[in-house]
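Q: If you scroll down you'll find the structure; I have some questions about it.
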Ligand SMILES: [Zn+2]
């Protein structure tokens, strides 16, 4: 009897997996036709990785030609698809940077936010407009408060990509070839220094540079303190003379300013790091990994705009066998009691391991 029940569950899982895969394939056919799918530049030097149920089941793959790569994507319709940030002499070699021989590396930040206080869901892995807003807010902080003012980059030097979940990938692609060449040849220690600057890790209160001074002063309300601090680089001297109350005000403003970004440091540092291919789908949500122009970012709402529109048009009859947080996609609300769901919701439930059945 138990074996029979077990087999039925396996059959149901297989049935759902096949349906999900069919829709990923349907998406890739369309995405390749519309040229949404990124062809990593200098493709033969890039490592490709992919996964279905786990993020990366396989890596160390490479393709000599665009045609071969696209044919492979169509054939396999991966739920998670990655390319290396590094250009490598031997991308298919198994092992680390030493075996693969790193030639140069793209620069990218990975913003990946957690649940925020206002979130409407209990499940940490779920998604709602509030955590998505926070992710976007952090993208703006990184771009407007760091990359543009402190590094002299312009918005045309950046490529902004919605990660498909609760985050953004911000690539630095300077239009000036010489600058691009310099930063793409930074080694992991230089990249580490760069991200530590942005996270405020090497902030020295005896010598506060102009970028950090500007950012922290924006967070200090007391005008008198702000005035004093704006006149010198040596903040330690001023802080030491303050009473406890003022001292705490300043120190907490510093901490709050430093802790606004949730950046995955490995994505900047690690030589063999993989990042999602632009134009693929995120296997946990079914959302598009989508490039967004700086000027459209403000209006971008992933719950509407990162969903492949065809996925909102075909419906399945289902029964959900567990309690789930509610989910709003394309301005419609879905709950444990929903009986008709579009493909977009089906992919999300599947990606979040929700126990449900598809009724015939
Ligand atoms: Zn949320």
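Q: Is it the case that some residue within the stretch 260-276 is within 11 Å of the chain's Cα centre (by Cα) and more than 26 Å from residue 36 (Cβ to Cβ)? Spell out the reasoning first.
A: Let us first name the residues in the stretch 260-276 that are within 11 Å of the chain's Cα centre (by Cα), namely 262-264, 267, 275-276.
Now restrict to residues that are more than 26 Å from residue 36 (Cβ to Cβ): 262-263.
Yes, because at least one residue in the stretch 260-276 is within 11 Å of the chain's Cα centre (by Cα) and more than 26 Å from residue 36 (Cβ to Cβ).
Q: Quick one: what pairs do we get from the stretch 132-144, first residue free of Cβ contacts under 8 Å to residues at least 40 places away in the same chain and within 14 Å of residue 165 (Cβ to Cβ), second within 13 Å of the ligand (Cβ to nearest atom) and not in a helix (DSSP H, G or I), C-beta under 7 Å, 6+ apart or different chains?
A: Note: pairs meeting the criteria are 134/113; 134/116; 135/113; 135/166; 135/167.
Q: Pick out, from the stretch 77-161, the helices (runs of 4 or more DSSP H) lying fully within it that include 3 or more residues that are away from the ligand (no atom under 16 Å from the Cβ).
A: Values: elements: 97-100, 129-140, 148-151.
Here the list reads 97-100, 148-151.
Q: Could you check the stretch 291-360 for strands (runs of 3 or more DSSP E) lying wholly inside it with 3 or more residues that are touching a strand residue (DSSP E or B) at 6+ places or on another chain (Cβ under 8 Å), surrounded by fewer than 19 Cβ atoms within 10 Å (Cβ to Cβ) and assigned by TED's automatic domain parsing to the domain that holds residue 13? Give the derivation first.
A: Numbers: elements: 315-320, 327-329, 332-334, 340-342, 356-358.
Result: 315-320.
Q: Could you list all residues from the stretch 174-205 that are closer than 21 Å to residue 135 by Cβ and in contact with a helix residue (DSSP H, G or I) (Cβ under 6 Å, 6 or more places away or on another chain)? Talk me through it step by step, then tell me what you get.
A: First, the residues of the stretch 174-205 that are closer than 21 Å to residue 135 by Cβ: 195, 198-200.
Result: 195, 198, 200.
Q: For the stretch 39-60, how many residues are buried (at least 16 other Cβ atoms within 10 Å of the Cβ) and in contact with a helix residue (DSSP H, G or I) (Cβ under 9 Å, 6 or more places away or on another chain)?
A: Residues flagged as buried (at least 16 other Cβ atoms within 10 Å of the Cβ) and in contact with a helix residue (DSSP H, G or I) (Cβ under 9 Å, 6 or more places away or on another chain) within the stretch 39-60 amount to 8.
Q: Additional query: Looking at (1) closer than 19 Å to residue 267 by Cβ; (2) under 22 Å from the mean Cα position of the chain (by Cα), which is the one condition that is false for residue 58?
A: Unmet for residue 58, out of (1) closer than 19 Å to residue 267 by Cβ; (2) under 22 Å from the mean Cα position of the chain (by Cα): (1).
The values are calculated or read from the model by the stated rules, or taken from the named source; none is laboratory data. Everything numeric here is computed off the predicted structure, so don't read it as measured data. Heads up, the Cβs are rebuilt from the backbone with ideal geometry, glycines too, and the neighbour counts pull from every protein chain shown.
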